[in-house]
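As structure tokens, the structure follows; a few thoughts come after it.
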């Protein structure tokens, strides 16, 4: 039987940590803190999407720029995301009302 | 040349206490951090602010900065400030020019870990790494508005643009795909915030803002234009040229067209790179001569007495 080679769209913990330039244990802690999302398979392994490398970069920038601890970074990220959604909605409303 | 007066960057007096410097930095960082402020100019302001803070928050580097100015890193550690002052401005300029931009004032995010909890647990894991505690960090995404006329949005094409402000200003030639609509985001990969240590840059998102137009009103991809008709044109039918962003189009007005009737030109609205284009609607609006001539008045009177049409009876 032959299998087609396909590009794996997700990264395991070690690959992800390596690409992000972080220690795998730190990545795991970020997942436990709920700062970073990860999928868990039946064997308990963590899997990440490539796009989450940008999320990790944001966590690192925020942590460094504001001397935040990682738990607080989670709150800041949630708030920033909510503000982005609200701002987009406000822009949409303004556009519809402005015509 | 960027402002190299670190006190001015932080907005504090030269006599400011360490607390004042810290407070000024925290406030400015909250405003200009690239993850909080998506403006393309914010990143460079944040870097300036951070560099100013890194220098002024350490009493020793602050003393050296006060004595030797922004190029203090090029002055050897053992130089006496008094000797330096006596050496005069001319010599200083030469020294500065000779040393050039190799001053090593490279920006590094943060550099000070003031929080203690989890992070300390991992401190040991990063023993072999740089003082910052991690490797290259990719840049943040940025966003800016781009204002387009209806025609520019319709046709697309190259457009020069200036991003950011002050020392961080840069020019970009943006390729606008034909048929962008109001509020759409154009992604310019790799044009956002710079990554540190050679990590990849973030993306720049341009949010399209289509300038309101006297002739064309946009509704998504549909375009509305006003179609002004004389009463007799509306009653008898005619063929009229209406403007479209792509030039004029002929519209056949059927006999018996009243104000408010919409004539659709299928597919003549905004192009759509991923599907069907929008439609163009010509909205009929009947106009009467504001000052009719005697002959016109006579003909209207004749029509009024002959016609049994009552626009106010049920439709």
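Read-outs: derived from the displayed coordinates by stated rules, not from any lab. Because the structure is a prediction, the values reported are computed rather than measured. Cβ placement follows ideal geometry from the backbone for every residue including glycine, while neighbour counts extend to all protein chains displayed.
Neighbouring Cβ atoms from other chains, within 10 Å of the Cβ of residues in A:53-60, number 6 on average.
What ranking of B:287, B:161 emerges when the number of other C-beta atoms within 10 Å of each C-beta is taken as an exposure proxy, fewest first?
If I rank by nearby Cβ atoms, fewest first, I get B:287, B:161.
Taking all Cα pairs closer than 8 Å and separated by 6 or more residues, the relative contact order of chain A comes to 24 percent.
Assuming a ≥ b ≥ c are the square roots of the Cα gyration tensor eigenvalues, decide whether region B:217-306 counts as rounded (a/c under 1.5), prolate (otherwise, with a/b larger than b/c) or oblate.
prolate
Working from label points 7 Å from Cα in the Cα-to-Cβ sense, the residue A:28 to residue A:92 distance is 4.1 nm.
Contact order normalised by length for region B:176-315, with contacts defined as Cα pairs under 8 Å and 6 or more residues apart; what percent is it? Computed value for region B:176-315: 20 percent relative contact order.
Given R₀ = 60 Å, what would the calculated FRET efficiency be for residue B:58 paired with residue B:283, taking r from the Cβ atoms and rounding to 0.05? Working shown, then result.
Values: r = 68 Å, r/R0 = 1.13.
Result of the calculation: an efficiency of 0.30.
Neighbour counts of other Cβ atoms within 10 Å put B:261, B:47, B:27 in the fewest-to-most order B:27, B:261, B:47.
Size estimate for chain A follows the Kirkwood approach: the inverse of mean 1/r over distinct Cα pairs works out to 15.7 Å.
Extending 7 Å from the Cα toward the beta-carbon at both residue A:37 and residue B:30 defines two label points whose distance is 2.9 nm.
A convex hull fitted to the Cα coordinates of region B:134-211 yields 87 cubic angstrom per residue.
Could you work out the relative contact order of region B:223-300? I mean the mean sequence separation of Cα pairs under 8 Å and 6+ apart, divided by the number of residues, in percent.
35
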